[in-house]
Amino acid sequence: MIASVLTAFLWALSGIFARRSLLYLGSQRANLARQSLALVLLGLWAHSLGQGLHGQSLGILFLSGVVGFGLGDWALFEAFPRIGSALTMLLSQCLAAPIAAVIEWFWLGTAMTFLQVRSSAVILAGVALAIAPAHQSDIPAGHRVTGITFGILAAFGQASGAVMSRYAFHLAGSTGFALDGITAAYQRLWGGVLCVGALLLVRQLFRAW
């Protein structure tokens with residue numbers, strides 16, 4: 001429980017800092033720089049005290065990084081300049097929980113209790129109220145719709161990546177491989193960095209063409 005609350009707090013700080021960084025570097029360059037720095041720092045741990053790039057769950061963690069850190073964070077950084085960090089983090093964080101619960105239910109067979117279903121409904125109702133058009137909103141209508149769409153896509157990416165990561169930990173445990181969280185994040189980041197780098201390269205080539 002404490003780890004989950006701390007994760008949400010750090011994600012909120014990350015959103016604020018990311019909103020500032022993209023003003024200087026642009027959305028996706030800031031995203032790639034952020035992930036590359038994290039890759040280096042986590043790599044120092046993973047290759048010294050962790051498990052590096054080893055383990056039966058490496059492939060699924062890499063794919064989890066492509067979905068969560070790659071596609072999910074790409075959408076996240078496209079939403080930031082359009083609707084701001086507060087609404088973006090609200091969408092991505094609050095919607096990720098019920099989406100992850102549904103994905104895990106269908107994929108891993110983890111049944112949802114009535115309380116969880118009711119709580120998810122309350123979350124969705126609150127998010128719907130938050131993104132409802134305001135009469136005096138300073139966000140242009142076109143940016144608002146596009147930003148909300150990217151925010152929802154970011155939530156799908158984060159939720160899917162989280163469920164895939166849980167499956168990866170289950171896979172590692174079933175094979176007797178002691179996988180720590182920092183190493184798992186490092187292995188995921190490889191997927192994220194390569195995905196964001198490839199998408200950024202494709203976009204630059206398309207714009208040049």
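A short reminder: the numbers here are calculations on the coordinates, not readings from a lab. Bear in mind that the values here come from a model prediction, so they are computed numbers and not experimental data. Every residue, glycine as well, gets a Cβ built from its backbone with ideal geometry; the counts of neighbours run over all protein chains shown.
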Region 1-96 - Rg over Rh from alpha carbon coordinates, Kirkwood radius: 1.00
Centroid-to-centroid separation of region 186-209 and region 1-22 [C-alpha atoms, Å]: 23
Note, ³J(HN,Hα) from phi for region 92-97, Karplus 6.51, -1.76, 1.60, rounded to Hz, x at Gly and Pro: 5, 6, 6, 6, 5, 5
Segment W45-S4, length gained on full extension (0.36 nm per residue, minus Cα span): 12.6 nm
Cα-Cα pairs of region 56-115 separated by more than 12 Å (percent): 74
Global geometry of region 87-130, whether rounded, prolate or oblate, following the gyration tensor of its Cα atoms and the 1.5 cut on a/c: oblate
Debye equation applied to the C-alpha atoms of region 92-209, log10 I(q)/I(0) at 0.12, 0.15, 0.19 Å⁻¹: -0.66, -0.92, -1.13
Net length gained if the chain between H170 and V202 were fully extended (0.36 nm per residue, minus Cα distance): 8.0 nm
Average Cα contact separation per residue, the chain, under 8 Å, 6 or more apart, as relative contact order %: 41
Using θ = phi - 60° and Karplus 6.51 cos²θ - 1.76 cosθ + 1.60, couplings along region 157-174 (whole Hz; Gly, Pro as x): x, 5, 5, 5, x, 5, 5, 5, 5, 4, 5, 5, 5, 5, 5, 5, x, 5
3J(HN,Hα) from dihedral phi, region 113-127, Karplus parametrisation 6.51/-1.76/1.60, rounded to Hz, x for glycine, proline: 7, 4, 4, 5, 5, 5, 5, 5, 5, 5, 4, 4, 5, x, 5
Net charge over other residues, Cβ less than 14 angstrom from the Cβ of R20 (K, R count +1; D, E count -1): +3
Gyration tensor (alpha-carbon) shape descriptor, region 27-144, a/c threshold 1.5: oblate
Where N is the number of residues in the chain, Cα Rg divided by 2.2 N^0.38 Å: 1.06
